[in-house]
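K.L.:
So that we are looking at the same thing, I have put the structure below in structure tokens.
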Amino acid sequence: MSAELICIHSAPWVVPVSRPMIADGGVAVAQGRIVAVDVLPRLQQQFPLAKHIHHSAAALTPALINAHIHLELSHLAALAAVPLQTSFTGWISQLLQLRDSLGATGDQVQRAAERVAAQQYASGVSALADIGNTPMGRNLAGAFPGRLFPFKEYLGLAAFTLDKNLNRLEQEPESVLCSGHAPYSTHGRLLQQLKARAASLGHMFPIHTAESAAEGELIREGRGAMVDFVRTRGFWDGAFVPRGSGGSINYLYDLGVLDAATLCVHAVHVSPEEIRIAAGEGAKVCLCPGSNRFLRVGAAPVRQYLEHRILPALGTDSLASNPQLSLWREMQLLTEDQPDIDPAAIFAMATWGGAEALGLGDCLGALEPGKDADVLIVPLPAATRTVAQVYGHLISAGAAIHPTRAEH
Ligand SMILES: [Zn+2]
């Protein structure tokens, strides 16, 4: 590689994520790839003819990954604009009502989704897993400057919906990524078929899992607020057989749909045994602290995930359940909720954890040779002197962080 093609970005702090922070470091990039990450003098020695750009009072970090969002719900922001006055199932009813009255598609819906996608990229997010029920995500994916994975979500718990859904799924072009909504809303056989299709096409399988206590009650006992809600909608027909014990992860494991390409989104109401099962299968977890806080469903057992070597990803979920969609804010809320978690682990969730969850570990998630040269320049307060202060800023400053991307 000719030396003049190499560009070194340097800063007081480099946060590779996959190894300890580097003071007075740099990232050497060439042709869109990282070629070296080191202290600046060593990079200059290694690449004496390289172009050099210094970013003062800043940290260089990998781009962020938002592992769970619903862009097509962006026009429903009124739902989360004021504190929730109802239960989780009450919120689902409100969401369906508002979507019925405003429409699920159309120019306004599209513009709201485009605005959120643009904000995501501007805030430093380079990859999104977007869940939707309309073709909107697929339209947005083409215009997104990073990677946007548009998942088409299937629902249908009742037996009478099964054949129709299985037929629909069979007709889907291979280019359409399909996933299931949740254990409480999607027939087990449909989940199995969706997972088998995802596996054969080699893509991940995101699914809302163990989000509310009411979901657990449905899975175990076949009663409670979630069952009442499903019954009211006309989809509780006895097709789902309550399991007596265990939770959603037990259920997904027994269905055979839990593996290293399965992304359990929310994963709040999860027992120690289920965490062991998830870890054993290499299953991925995506936490959504902002949505969980708004919907008051509880907080995920983050320490236990980390103890079992599950590094969760982070997701914002949608504007219908989260007043502000910023991955920086998700880190801030997680830090507030769980102040004993290592700040470096929290930043790793927003980067490395997300990349692993979306199958992007080879190109994103860390500053390492061979990965994409997608480097964020995060301004730091002038008084930043220590590693702890850098991490403290990254995970606690929230949406006040406005990074730029290193250009080369
Ligand atoms: Zn969601």
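The values are calculated or read from the model by the stated rules, or taken from the named source; none is laboratory data. Only a predicted model underlies this, so the values are computations on that prediction, with no experimental measurement involved. FYI the Cβ positions are ideal-geometry reconstructions off the backbone, even for glycines, and counts take in every protein chain you see. Heads up: the accessible areas ignore ligands, DNA and RNA and are worked out on the full protein's heavy atoms, side chains in. Shrake-Rupley method; radii C 1.70, N 1.55, O 1.52, S 1.80 Å.
K.L.:
For segment 64-357, just the Cα atoms, rotate onto the principal axes and tell me the three extents in Å, largest first.
P.N.:
46, 46, 42
K.L.:
The chain: longest stretch without exposed trypsin sites (Lys or Arg not before Pro) (DSSP loop, at most 16 other Cβ within 10 Å), sites themselves excluded? Write out the running numbers ahead of the final one.
P.N.:
Numbers: sites that count: ARG223, ARG233, ARG243, ARG296, ARG309, ARG385.
Here the longest run is 1-222.
K.L.:
Can you show me the helix-derived [θ] at 222 nm for the chain, built from DSSP H runs with n ≥ 4 at -39,500 (n - 2.57) apiece and divided by the number of residues, rounded to the nearest 500.
P.N.:
Dividing the helical sum by the residues of the chain leaves -10500 deg cm²/dmol.
K.L.:
Roughly how many percent of the accessible protein surface of segment 64-357 is carbon and sulfur, given a 1.4 Å probe and a whole-percent answer? Please list the in-between numbers first.
P.N.:
Working: 5640 of 11320 Å².
Ligands and nucleic acids excluded, carbon and sulfur give 50 percent.
K.L.:
What angle do you read, to the nearest 10 degrees and between 0 and 90, between the alpha-carbon axis of helix 88-102 and the longest principal axis of the chain?
P.N.:
Value to nearest ten degrees: 90.
K.L.:
Calculate, for segment 64-357, the solvent-accessible area per residue in square angstrom, rolling a 1.4 angstrom probe over the heavy atoms of the protein chains. Show your work: numbers first, answer last.
P.N.:
On the way: 11320 Å² over 294 residues.
About 39 Å² of surface per residue is accessible.
K.L.:
Counting pairs of alpha carbon atoms under 8 Å apart in space and at least six apart in sequence, what relative contact order in percent does segment 64-357 give?
P.N.:
Across segment 64-357, relative contact order equals 21 percent.
K.L.:
Given segment 104-250, report the % of alpha carbon pairs whose separation exceeds 17 Å.
P.N.:
The share of Cα pairs beyond 17 Å in segment 104-250 comes to 65 percent.
K.L.:
For segment 1-117, what's the relative contact order in percent, using C-alpha pairs closer than 8 Å and at least 6 residues apart?
P.N.:
The normalised contact order for segment 1-117 reaches 24 percent.
K.L.:
Need one value: the accessible area of MET349 in square angstrom, 1.4 angstrom probe, rounded to the nearest 10.
P.N.:
0
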